[in-house]
Amino acid sequence: MIDGRPLCGRRIVVTRARAQAHRLSALLEADGAEVIEVPAIRIVPPDDYGPVDRAIERLAEYRWVVFTSQNAVTAFVDRLVLRGRQASLLGALRIASIGPATAQALFQYGLRPALSPDRYVAEALVDAFAHERPEEVRGARVLLPRAAAARAVLPDGLRALGASVDVVPVYRVEIECEHDPGAWAHVFHGTVDAVTFTSPSTVRHFVELAGAEGSRVLDAAIVACIGPITAAAAREVGLSVGLIAETYTIPGLAKSLRGRFGRAVSAADR
């Protein structure tokens, strides 16, 4: 019997951190893809917990706390609890977030964002503050727990609206040093239909890890990016972007790959 799933026969590379790759891999495999996981990054603690610890001590001074990723939510709340506080303390602040995965991470702690833009990029959150909450951000002190290295768009945009913004690193993104030789051999010695990227760091570190041999793979495969910021990072390192998810989420990326390679099928067709 012929497998009618839309990604049947397609080999797709997932470059997310090992601990976070499962969701995308599972969605692709459910559509029939052969998934090769080659994590390009790993999430590690910040070099110094001092800034976040000081922010926790002064938590009551903030009007807003802004989360841009589920990693930031988890890392900040974990540190909050380690310092003897409860996640519920954040409920006294106004919370802004980017993306449904970030909102879901907040829901798990009983927290709900007061502001969350329809587009899942920093620029959209700045626009949302400017048009929906200008009086609430002007003169406000804003806490932004996030990765140690991240774009300046959000803090700069909030400051331009009159906010005082404290950026505190709660995690770092590093290149993944532990490799599965078998997975890389699969990538280098077989046909790859698509390589997926879910952040600028996955792009940069995958290119570094793959080296010259990886250039051949990337030239032949569709470079599939979760959103425009990741796509811009791919172009900066010389990649030709073949697909940008219409919705900037993991399910959105899987859906766009499904649409690119095959037809949507119902459960009855499978």
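The values are calculated or read from the model by the stated rules, or taken from the named source; none is laboratory data. Note that the structure is predicted; figures quoted are calculated from it, not measured. We place every Cβ from the backbone using ideal geometry, glycine too, and count neighbours over all the protein chains shown.
Where helices (runs of 4 or more DSSP H) fall wholly inside the range 1-87, the ranges with 2 or more residues that are under 22 Å from the mean Cα position of the chain (by Cα) and β-branched (V, I, T) are 70-82.
Applying the condition of being charged (D, E, K, R) and farther than 22 Å from T249 by Cβ to the range 146-167 and asking which residue is surrounded by the fewest Cβ atoms within 10 Å (Cβ to Cβ) yields D156.
Name the helices (runs of 4 or more DSSP H) wholly within the range 156-270 that hold at least 2 residues that are in contact with a strand residue (DSSP E or B) (Cβ under 9 Å, 6 or more places away or on another chain), within 28 Å of V52 (Cβ to Cβ) and not aliphatic (A, V, I, L, M)?
On the way: elements: 181-189, 200-220, 228-236, 250-261.
Of the helices (runs of 4 or more DSSP H) lying wholly inside the range 156-270, those with at least 2 residues that are in contact with a strand residue (DSSP E or B) (Cβ under 9 Å, 6 or more places away or on another chain), within 28 Å of V52 (Cβ to Cβ) and not aliphatic (A, V, I, L, M) span 200-220.
Within the range 57-81, residues that are outside the structural domain of F107 (by TED's automatic domain parsing) reach no partner that is among the aliphatic types (A, V, I, L, M) and at pLDDT 95 or above with beta carbons closer than 9 Å at six or more positions or on different chains.
Against the list (1) within 30 Å of A245 (Cβ to Cβ); (2) outside the structural domain of G182 (by TED's automatic domain parsing), the condition A21 fails is (2). Only a single item in (1) touching a residue at least 24 places away in the same chain (Cβ under 8 Å); (2) under 23 Å from R10 (Cα atoms) is not met by S201, and it is number (2). The condition of being assigned by TED's automatic domain parsing to the domain that holds V187, touching a Ser or Thr at 6+ places or on another chain (Cβ under 9 Å), in contact (Cβ under 8 Å) with a residue 60 or more places away in the chain and among the charged types (D, E, K, R) holds for R16. There is no residue in the range 170-185 that is more than 22 Å from T198 (Cα to Cα), crowded, with 19+ Cβ neighbours inside 10 Å and either modelled with pLDDT under 95 or of a type outside the set (V, I, T) (or both). Among what's in the range 111-145 and is small (G, A, S) and either modelled with pLDDT under 95 or in a helix (DSSP H, G or I) (or both), pick the residue that is surrounded by the fewest Cβ atoms within 10 Å (Cβ to Cβ). Looking at residues that are small (G, A, S) and either modelled with pLDDT under 95 or in a helix (DSSP H, G or I) (or both), I get A130.
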